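The values are calculated or read from the model by the stated rules, or taken from the named source; none is laboratory data. Quick caveat, the model's predicted, so the values are computed rather than measured. Don't worry about glycine lacking a Cβ; one is built from the backbone with ideal geometry, like all the others, and counts go over all protein chains shown. In case anyone asks, the SASA skips ligands and DNA or RNA and just uses the protein heavy atoms, side chains included. Shrake-Rupley method; radii C 1.70, N 1.55, O 1.52, S 1.80 Å.
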Amino acid sequence: MSKIFVDACFGKETPYTPVWMMRQAGRYLPEYMAVRAQAGDFLNLCHNPEMACEVSLQPVDIVGVDAAIMFSDILVIPDEMGMDLSFVKGEGPKFSDPIKNEADLEKLIGGEEAASKLTYVYETIELIKTKLADDKALIGFTGAPWTLATYMIEGQGTKTYNVCKKMMYSNPELLHKILRKVTDVVKLYMEKQIQAGIDVVQIFDSWASAIEPGKYDEFSWKYMVEIAEYLKEKYPHIPIIMFPKGIPAFLDKVYGNFDVFGVDWSTPMSFAKERLGDKYILQGNMEPCRLYSKEATTKCVEAIQETMQGKRHIFNLGHGILPDVPVENAKHFINECHRVSGK
Ligand code: CP3
(Lines give C-alpha, C1' and ligand atoms only; values in the text may rest on other atoms or scores of the structure.)
Protein backbone atom coordinates (compact mmCIF):
# COMPACT_ATOMS: atom_id res chain seq x y z
CA MET A 1 0.00 0.00 0.00
CA SER A 2 1.35 3.43 -0.83
CA LYS A 3 1.99 5.78 2.05
CA ILE A 4 0.74 9.30 1.48
CA PHE A 5 3.57 10.70 3.60
CA VAL A 6 6.28 8.99 1.54
CA ASP A 7 4.55 10.01 -1.71
CA ALA A 8 4.48 13.62 -0.55
CA CYS A 9 8.22 13.48 0.31
CA PHE A 10 8.86 12.59 -3.35
CA GLY A 11 6.55 15.31 -4.67
CA LYS A 12 3.87 12.90 -5.92
CA GLU A 13 0.24 13.94 -6.12
CA THR A 14 -1.61 13.09 -2.84
CA PRO A 15 -5.30 13.37 -1.81
CA TYR A 16 -4.36 15.91 0.88
CA THR A 17 -1.15 17.31 2.40
CA PRO A 18 0.13 14.97 5.11
CA VAL A 19 1.07 16.29 8.54
CA TRP A 20 3.06 15.28 11.64
CA MET A 21 4.47 17.27 14.55
CA MET A 22 8.04 17.37 15.75
CA ARG A 23 8.20 15.95 19.31
CA GLN A 24 4.67 14.58 18.81
CA ALA A 25 5.34 11.64 21.17
CA GLY A 26 5.70 13.46 24.44
CA ARG A 27 4.54 15.09 27.60
CA TYR A 28 1.44 16.92 26.29
CA LEU A 29 -0.21 13.46 26.05
CA PRO A 30 -1.51 12.04 29.38
CA GLU A 31 -1.12 8.59 27.81
CA TYR A 32 2.61 9.31 27.34
CA MET A 33 2.93 10.44 30.96
CA ALA A 34 1.35 7.16 32.12
CA VAL A 35 3.89 5.01 30.23
CA ARG A 36 6.69 7.37 31.27
CA ALA A 37 5.70 6.90 34.94
CA GLN A 38 5.70 3.14 34.47
CA ALA A 39 9.21 3.31 32.95
CA GLY A 40 10.43 5.41 35.91
CA ASP A 41 13.26 7.12 34.09
CA PHE A 42 13.24 8.67 30.59
CA LEU A 43 16.21 6.57 29.45
CA ASN A 44 14.48 3.39 30.65
CA LEU A 45 11.66 4.31 28.30
CA CYS A 46 14.13 4.69 25.39
CA HIS A 47 15.71 1.33 26.27
CA ASN A 48 12.42 -0.58 26.43
CA PRO A 49 11.16 -1.43 22.89
CA GLU A 50 7.64 -2.38 24.09
CA MET A 51 7.10 0.93 25.86
CA ALA A 52 8.92 2.99 23.21
CA CYS A 53 6.68 1.37 20.58
CA GLU A 54 3.57 2.19 22.57
CA VAL A 55 4.39 5.90 22.90
CA SER A 56 5.44 6.12 19.23
CA LEU A 57 1.97 4.95 18.17
CA GLN A 58 0.04 7.22 20.55
CA PRO A 59 0.06 10.37 18.38
CA VAL A 60 -1.12 8.36 15.36
CA ASP A 61 -4.05 6.90 17.31
CA ILE A 62 -4.92 9.92 19.45
CA VAL A 63 -4.11 12.97 17.32
CA GLY A 64 -4.37 11.49 13.81
CA VAL A 65 -0.97 12.36 12.32
CA ASP A 66 0.06 10.75 9.02
CA ALA A 67 3.41 9.45 10.26
CA ALA A 68 4.81 8.02 13.48
CA ILE A 69 8.30 8.98 14.63
CA MET A 70 10.11 6.24 16.51
CA PHE A 71 10.50 7.10 20.15
CA SER A 72 14.07 7.62 21.27
CA ASP A 73 16.35 10.61 21.76
CA ILE A 74 19.19 12.07 19.71
CA LEU A 75 21.52 11.70 22.71
CA VAL A 76 21.48 7.88 22.81
CA ILE A 77 24.27 8.09 20.20
CA PRO A 78 26.91 9.78 22.40
CA ASP A 79 25.63 7.67 25.31
CA GLU A 80 26.51 4.47 23.42
CA MET A 81 29.81 5.98 22.27
CA GLY A 82 30.70 5.82 25.95
CA MET A 83 29.61 9.18 27.34
CA ASP A 84 27.58 8.76 30.45
CA LEU A 85 24.14 10.33 29.79
CA SER A 86 21.57 11.13 32.44
CA PHE A 87 18.41 13.20 32.50
CA VAL A 88 18.20 15.30 35.63
CA LYS A 89 14.62 16.23 36.50
CA GLY A 90 13.87 19.80 35.48
CA GLU A 91 17.37 20.33 34.09
CA GLY A 92 17.45 18.24 30.91
CA PRO A 93 20.27 16.07 29.58
CA LYS A 94 23.71 15.86 31.23
CA PHE A 95 27.00 14.17 30.33
CA SER A 96 29.23 13.74 33.38
CA ASP A 97 32.49 13.88 31.44
CA PRO A 98 32.32 16.23 28.40
CA ILE A 99 35.03 16.11 25.70
CA LYS A 100 37.83 18.56 26.51
CA ASN A 101 40.71 17.24 24.46
CA GLU A 102 41.87 14.66 21.96
CA ALA A 103 42.44 12.00 24.61
CA ASP A 104 38.79 12.29 25.72
CA LEU A 105 37.69 11.82 22.11
CA GLU A 106 39.94 8.83 21.56
CA LYS A 107 38.40 7.04 24.55
CA LEU A 108 35.01 7.06 22.82
CA ILE A 109 33.73 4.06 20.89
CA GLY A 110 33.27 4.76 17.17
CA GLY A 111 31.98 3.32 13.90
CA GLU A 112 30.29 -0.05 13.66
CA GLU A 113 30.94 -0.91 17.30
CA ALA A 114 28.97 2.11 18.57
CA ALA A 115 26.18 1.72 15.98
CA SER A 116 25.81 -1.95 16.94
CA LYS A 117 25.14 -1.05 20.58
CA LEU A 118 21.88 0.74 19.74
CA THR A 119 19.97 -2.55 19.42
CA TYR A 120 17.01 -1.29 21.46
CA VAL A 121 16.37 1.39 18.80
CA TYR A 122 16.32 -1.19 16.01
CA GLU A 123 14.05 -3.47 18.06
CA THR A 124 11.68 -0.56 18.71
CA ILE A 125 11.48 0.08 14.94
CA GLU A 126 10.80 -3.59 14.18
CA LEU A 127 8.03 -3.67 16.76
CA ILE A 128 6.40 -0.44 15.53
CA LYS A 129 6.37 -1.83 11.99
CA THR A 130 4.33 -4.84 13.13
CA LYS A 131 1.68 -2.52 14.62
CA LEU A 132 1.57 0.62 12.46
CA ALA A 133 -1.19 0.82 9.82
CA ASP A 134 0.11 0.15 6.28
CA ASP A 135 -0.81 3.59 5.02
CA LYS A 136 1.16 5.42 7.77
CA ALA A 137 4.90 6.06 7.53
CA LEU A 138 7.51 5.51 10.22
CA ILE A 139 10.12 8.25 10.60
CA GLY A 140 13.56 7.40 11.99
CA PHE A 141 15.91 10.16 13.07
CA THR A 142 19.27 11.35 14.23
CA GLY A 143 20.70 14.56 15.56
CA ALA A 144 23.07 16.33 13.16
CA PRO A 145 26.72 15.87 14.15
CA TRP A 146 26.95 19.55 15.14
CA THR A 147 23.89 19.41 17.44
CA LEU A 148 25.20 16.19 19.04
CA ALA A 149 28.67 17.71 19.42
CA THR A 150 27.27 20.72 21.30
CA TYR A 151 26.06 18.38 24.07
CA MET A 152 29.23 16.25 23.97
CA ILE A 153 31.44 19.33 24.42
CA GLU A 154 29.27 21.45 26.74
CA GLY A 155 28.06 18.43 28.75
CA GLN A 156 24.50 19.82 28.73
CA GLY A 157 22.20 22.28 26.99
CA THR A 158 23.61 25.79 26.65
CA LYS A 159 22.43 29.31 25.87
CA THR A 160 25.78 30.70 24.71
CA TYR A 161 27.61 27.66 23.24
CA ASN A 162 30.75 29.29 24.58
CA VAL A 163 32.63 26.05 25.24
CA CYS A 164 32.10 24.60 21.76
CA LYS A 165 32.56 27.96 20.06
CA LYS A 166 35.83 28.45 21.89
CA MET A 167 36.87 25.16 20.32
CA MET A 168 35.49 26.25 16.92
CA TYR A 169 37.71 29.32 16.77
CA SER A 170 40.75 28.24 18.80
CA ASN A 171 41.02 24.52 18.01
CA PRO A 172 38.89 23.81 14.90
CA GLU A 173 40.91 20.66 14.16
CA LEU A 174 39.64 19.02 17.34
CA LEU A 175 36.04 20.04 16.62
CA HIS A 176 36.35 18.53 13.14
CA LYS A 177 37.74 15.31 14.62
CA ILE A 178 34.72 15.10 16.94
CA LEU A 179 32.32 15.81 14.04
CA ARG A 180 34.09 13.18 11.91
CA LYS A 181 33.78 10.49 14.57
CA VAL A 182 30.11 11.28 15.20
CA THR A 183 29.33 11.43 11.45
CA ASP A 184 30.84 7.97 10.93
CA VAL A 185 28.65 6.52 13.69
CA VAL A 186 25.52 8.33 12.45
CA LYS A 187 25.88 6.97 8.89
CA LEU A 188 25.88 3.38 10.18
CA TYR A 189 23.19 4.12 12.78
CA MET A 190 20.83 5.47 10.13
CA GLU A 191 21.63 2.58 7.81
CA LYS A 192 20.68 0.15 10.57
CA GLN A 193 17.45 2.08 11.24
CA ILE A 194 16.61 1.70 7.53
CA GLN A 195 17.40 -2.01 7.64
CA ALA A 196 15.13 -2.33 10.70
CA GLY A 197 12.24 -0.80 8.73
CA ILE A 198 11.94 3.00 8.90
CA ASP A 199 10.31 4.61 5.84
CA VAL A 200 11.75 8.14 6.17
CA VAL A 201 14.85 9.72 7.74
CA GLN A 202 14.91 13.10 9.50
CA ILE A 203 18.15 14.80 10.55
CA PHE A 204 17.58 17.34 13.34
CA ASP A 205 20.06 20.21 13.46
CA SER A 206 18.29 21.92 16.33
CA TRP A 207 21.20 24.17 17.19
CA ALA A 208 22.14 25.22 13.63
CA SER A 209 21.48 28.88 14.42
CA ALA A 210 24.33 28.95 16.93
CA ILE A 211 26.83 28.96 14.04
CA GLU A 212 27.54 32.18 12.11
CA PRO A 213 26.26 31.84 8.50
CA GLY A 214 29.75 31.88 6.92
CA LYS A 215 30.81 28.90 9.05
CA TYR A 216 27.61 26.83 8.90
CA ASP A 217 28.64 24.71 5.93
CA GLU A 218 32.07 23.92 7.35
CA PHE A 219 30.90 22.88 10.82
CA SER A 220 27.49 21.38 10.18
CA TRP A 221 25.82 21.27 6.78
CA LYS A 222 28.59 19.41 4.94
CA TYR A 223 28.48 16.60 7.51
CA MET A 224 24.68 16.37 7.22
CA VAL A 225 25.01 16.23 3.43
CA GLU A 226 27.64 13.51 3.72
CA ILE A 227 25.22 11.40 5.79
CA ALA A 228 22.36 12.05 3.33
CA GLU A 229 24.52 11.17 0.32
CA TYR A 230 25.77 7.97 1.93
CA LEU A 231 22.17 6.86 2.57
CA LYS A 232 20.80 8.06 -0.80
CA GLU A 233 23.36 6.08 -2.73
CA LYS A 234 22.34 2.82 -1.02
CA TYR A 235 18.66 3.49 -0.26
CA PRO A 236 17.27 5.92 -2.87
CA HIS A 237 13.68 4.88 -2.02
CA ILE A 238 13.99 6.27 1.54
CA PRO A 239 13.22 10.01 1.64
CA ILE A 240 15.50 12.22 3.71
CA ILE A 241 14.32 15.32 5.57
CA MET A 242 16.89 17.92 6.68
CA PHE A 243 15.82 20.21 9.55
CA PRO A 244 18.39 22.89 10.30
CA LYS A 245 16.73 25.26 12.74
CA GLY A 246 17.08 29.02 12.32
CA ILE A 247 19.41 29.55 9.36
CA PRO A 248 17.51 31.81 6.90
CA ALA A 249 20.80 33.48 5.90
CA PHE A 250 22.05 30.10 4.62
CA LEU A 251 18.99 29.26 2.48
CA ASP A 252 20.54 30.50 -0.77
CA LYS A 253 23.51 28.19 -0.20
CA VAL A 254 21.62 24.98 0.63
CA TYR A 255 22.81 22.04 -1.48
CA GLY A 256 22.89 18.23 -1.36
CA ASN A 257 21.12 15.04 -2.29
CA PHE A 258 18.08 14.88 -0.02
CA ASP A 259 14.33 15.24 -0.55
CA VAL A 260 12.65 17.46 2.03
CA PHE A 261 13.79 20.69 3.67
CA GLY A 262 12.25 21.37 7.09
CA VAL A 263 11.42 25.05 7.47
CA ASP A 264 11.55 26.36 11.04
CA TRP A 265 8.96 28.83 12.35
CA SER A 266 11.25 31.88 12.15
CA THR A 267 11.61 31.55 8.37
CA PRO A 268 8.55 32.67 6.34
CA MET A 269 7.29 29.81 4.16
CA SER A 270 7.17 32.13 1.12
CA PHE A 271 10.84 33.04 1.67
CA ALA A 272 11.81 29.34 1.76
CA LYS A 273 9.58 28.55 -1.23
CA GLU A 274 11.23 31.21 -3.38
CA ARG A 275 14.69 29.89 -2.64
CA LEU A 276 14.21 26.13 -2.28
CA GLY A 277 10.71 25.21 -3.44
CA ASP A 278 11.72 24.00 -6.91
CA LYS A 279 14.56 21.87 -5.64
CA TYR A 280 13.14 20.37 -2.44
CA ILE A 281 9.77 19.51 -0.90
CA LEU A 282 9.17 21.89 2.02
CA GLN A 283 8.02 20.79 5.47
CA GLY A 284 6.57 23.09 8.08
CA ASN A 285 6.24 25.50 9.59
CA MET A 286 3.63 26.73 12.10
CA GLU A 287 5.05 28.50 15.16
CA PRO A 288 4.43 25.82 17.85
CA CYS A 289 2.99 28.33 20.35
CA ARG A 290 0.05 29.00 18.01
CA LEU A 291 -1.18 25.62 19.29
CA TYR A 292 -2.30 27.41 22.46
CA SER A 293 -5.11 29.02 20.42
CA LYS A 294 -7.35 27.18 17.96
CA GLU A 295 -8.08 30.43 16.17
CA ALA A 296 -4.39 31.32 15.77
CA THR A 297 -3.79 27.76 14.55
CA THR A 298 -6.49 27.91 11.87
CA LYS A 299 -5.24 31.28 10.60
CA CYS A 300 -1.70 29.99 10.24
CA VAL A 301 -2.69 26.69 8.58
CA GLU A 302 -4.76 28.64 6.05
CA ALA A 303 -1.89 31.04 5.37
CA ILE A 304 0.59 28.20 4.84
CA GLN A 305 -1.88 26.47 2.51
CA GLU A 306 -2.33 29.75 0.59
CA THR A 307 1.45 29.91 0.06
CA MET A 308 2.05 26.24 -0.74
CA GLN A 309 -1.21 25.52 -2.63
CA GLY A 310 -1.03 21.86 -1.61
CA LYS A 311 2.02 21.27 -3.78
CA ARG A 312 5.47 20.00 -2.81
CA HIS A 313 4.58 20.44 0.86
CA ILE A 314 4.24 18.54 4.16
CA PHE A 315 2.57 20.26 7.11
CA ASN A 316 4.42 20.37 10.44
CA LEU A 317 5.23 22.73 13.25
CA GLY A 318 8.31 24.93 12.89
CA HIS A 319 9.85 23.17 15.92
CA GLY A 320 8.69 20.81 18.67
CA ILE A 321 5.27 20.81 20.38
CA LEU A 322 5.45 22.06 23.99
CA PRO A 323 4.34 19.94 26.99
CA ASP A 324 1.47 22.21 28.09
CA VAL A 325 -0.43 22.28 24.79
CA PRO A 326 -4.00 20.92 25.16
CA VAL A 327 -4.41 17.64 23.26
CA GLU A 328 -7.58 18.88 21.60
CA ASN A 329 -5.68 21.84 20.13
CA ALA A 330 -3.12 19.45 18.64
CA LYS A 331 -6.01 17.45 17.13
CA HIS A 332 -7.46 20.69 15.79
CA PHE A 333 -4.16 21.48 14.04
CA ILE A 334 -4.07 18.06 12.34
CA ASN A 335 -7.74 18.30 11.31
CA GLU A 336 -7.26 21.79 9.90
CA CYS A 337 -4.24 20.70 7.83
CA HIS A 338 -6.33 17.89 6.35
CA ARG A 339 -9.36 20.14 5.85
CA VAL A 340 -7.65 23.01 4.02
CA SER A 341 -5.60 20.73 1.77
CA GLY A 342 -8.25 18.09 0.98
CA LYS A 343 -8.94 17.75 -2.73
O1 CP3 B 1 8.04 12.57 19.28
C2 CP3 B 1 9.20 12.65 18.86
O3 CP3 B 1 9.60 13.62 18.18
C4 CP3 B 1 10.15 11.49 19.09
C5 CP3 B 1 10.95 11.55 20.23
C6 CP3 B 1 12.06 12.58 20.40
C7 CP3 B 1 12.51 12.94 21.69
N8 CP3 B 1 13.61 13.73 21.56
C9 CP3 B 1 11.90 12.49 22.95
C10 CP3 B 1 12.17 13.25 24.19
C11 CP3 B 1 12.88 13.23 19.48
C12 CP3 B 1 12.82 13.24 17.97
C13 CP3 B 1 13.85 13.95 20.22
C14 CP3 B 1 14.93 14.72 19.60
C15 CP3 B 1 15.74 15.62 20.42
N16 CP3 B 1 16.23 15.41 21.67
C17 CP3 B 1 16.26 16.85 19.95
C18 CP3 B 1 16.06 17.40 18.57
C19 CP3 B 1 14.66 17.84 18.35
C20 CP3 B 1 14.35 19.21 18.80
O21 CP3 B 1 13.30 19.37 19.47
O22 CP3 B 1 15.07 20.15 18.48
C23 CP3 B 1 17.02 17.41 20.99
C24 CP3 B 1 17.76 18.72 20.95
C25 CP3 B 1 17.01 16.48 22.07
C26 CP3 B 1 17.73 16.58 23.37
C27 CP3 B 1 16.81 16.54 24.51
N28 CP3 B 1 16.09 15.43 24.93
C29 CP3 B 1 16.50 17.59 25.40
C30 CP3 B 1 17.07 18.99 25.31
C31 CP3 B 1 15.60 17.08 26.34
C32 CP3 B 1 15.06 17.79 27.55
C33 CP3 B 1 14.13 18.87 27.18
C34 CP3 B 1 12.73 18.37 27.19
O35 CP3 B 1 12.03 18.53 26.18
O36 CP3 B 1 12.35 17.86 28.24
C37 CP3 B 1 15.30 15.75 25.99
C38 CP3 B 1 14.37 14.84 26.67
C39 CP3 B 1 13.25 14.27 25.85
N40 CP3 B 1 13.39 13.71 24.62
C41 CP3 B 1 11.89 14.19 26.24
C42 CP3 B 1 11.22 13.54 25.20
C43 CP3 B 1 9.75 13.17 25.14
C44 CP3 B 1 11.32 14.66 27.56
C45 CP3 B 1 11.70 13.67 28.59
C46 CP3 B 1 10.60 13.40 29.58
O47 CP3 B 1 9.70 12.59 29.29
O48 CP3 B 1 10.66 14.00 30.65
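Out of the residues in region 168-213 meeting the condition of being charged (D, E, K, R) and within 16 Å of the ligand (Cβ to nearest atom), tell me which one is most open to solvent (accessible area, probe 1.4 Å).
Residues of region 168-213 charged (D, E, K, R): 173, 177, 180-181, 184, 187, 191-192, 199, 205, 212.
From the residues that got through so far, the ones that are within 16 Å of the ligand (Cβ to nearest atom) too are 199, 205.
Details: D199: 22, D205: 0 Å².
The selected residue is D199.
Applying the selection to region 240-280, what residues are open to solvent by 60 Å² or more (accessible area, probe 1.4 Å) and closer than 20 Å to I227 by Cβ?
Within region 240-280, K253, Y255, N257, K279 meet the criteria.
For residues that are open to solvent by less than 10 Å² (accessible area, probe 1.4 Å) and over 19 Å from the mean Cα position of the chain (by Cα), tally how many sit in region 1-25. Don't jump to the end; show me each part of the working.
Our first condition is that a residue be open to solvent by less than 10 Å² (accessible area, probe 1.4 Å); within region 1-25, this holds for 5, 8-9, 17-22, 24.
After this cut, where a residue has to be over 19 Å from the mean Cα position of the chain (by Cα) as well, the list is 17.
Counting residues in region 1-25 that are open to solvent by less than 10 Å² (accessible area, probe 1.4 Å) and over 19 Å from the mean Cα position of the chain (by Cα) gives 1.
Being assigned to a loop (DSSP other than H, G, I, E, B), of a type in the set (F, W, Y) and open to solvent by 50 Å² or more (accessible area, probe 1.4 Å): is that true of Y28 here? It would help to see each step written out before you state the result.
Working: assigned to a loop (DSSP other than H, G, I, E, B): yes; of a type in the set (F, W, Y): yes; open to solvent by 50 Å² or more (accessible area, probe 1.4 Å): no.
No, not satisfied.
Name the residue, out of L29, L45, that is within 8 Å of the ligand (Cβ to nearest atom) and hydrophobic (A, V, I, L, M, F, W, C).
Values: L29 fails: within 8 Å of the ligand (Cβ to nearest atom).
Just a single option satisfies the conditions, and that option is L45.
Per-residue answers, yes or no, for (1) within 27 Å of F333 (Cα to Cα); (2) out of contact with any Gly (no Cβ under 9 Å at 6 or more places or on another chain); (3) of a type in the set (G, A, S):
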residue: M22; (1), (2), (3): yes, no, no
residue: P49; (1), (2), (3): no, yes, no
residue: P59; (1), (2), (3): yes, no, no
residue: I62; (1), (2), (3): yes, yes, no
residue: D97; (1), (2), (3): no, no, no
residue: K107; (1), (2), (3): no, no, no
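Which residues, counting only those in region 142-164, are open to solvent by 50 Å² or more (accessible area, probe 1.4 Å) and within 23 Å of the chain's Cα centre (by Cα)?
Initially, region 142-164 is screened for residues open to solvent by 50 Å² or more (accessible area, probe 1.4 Å), giving 156, 159-160, 162-163.
Selection gives Q156, K159, T160.
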